[in-house]
Amino acid sequence: MDSTGLIMMKQDGADFAIGQVAIALFNNNRGLSPSGDNLLAKTNESGEPIFNLNNDKTAKVETKTLELSTADLSESLVNLMVFQRAFEANAKSITTSDQLLNTLINLKR
């Protein structure tokens, strides 16, 4: 595949174009309707799709690359542990205050 989205196949030493990735732009991306399986459908709010020949000035197709998430797993795990400890501390303080109130009520009697 090249940067315009043209899909090539090599057979017997010759290159053949076997397909073209179509990329569509919309005037209002937020107007697209989710249709499941990570797919979107056009609506009246999104407008009609805008296609360009050979994806000229529409988008660039990156080949032989790997998309990575920007999430840092170690940082997320540390944050999870911190929040869990904070929740446990808050739960313990509520339990302690409840016991203190019960003791005060029993002293009143």
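Yes or no: residue 90 surrounded by 10 or more Cβ atoms within 10 Å (Cβ to Cβ), at pLDDT 90 or above, more than 18 Å from residue 1 (Cβ to Cβ) and under 28 Å from the mean Cα position of the chain (by Cα)?
Judged against the criteria, residue 90 is not a match.
For the range 9-51, how many residues meet the condition of being among the acidic types (Asp, Glu) and surrounded by 12 or more Cβ atoms within 10 Å (Cβ to Cβ)?
Total satisfying the criteria: 1.
Which residues, taken from the range 49-74, are at pLDDT 85 or above and under 13 Å from residue 23 (Cα atoms)?
Once the filter is applied, which keeps residues that are at pLDDT 85 or above and under 13 Å from residue 23 (Cα atoms), the range 49-74 yields only 49.
Could you tell me which residue of the range 29-41 is nearest to the chain's Cα centre (by Cα), considering only residues that are part of a loop (DSSP other than H, G, I, E, B) and modelled with pLDDT under 90?
The qualifying residue nearest to the chain's Cα centre (by Cα) is 38.
The values are calculated or read from the model by the stated rules, or taken from the named source; none is laboratory data. None of these values were measured; they are calculated from a predicted model. Every residue, glycine among them, receives a Cβ derived from its backbone with ideal geometry; neighbour counts consider all protein chains shown.
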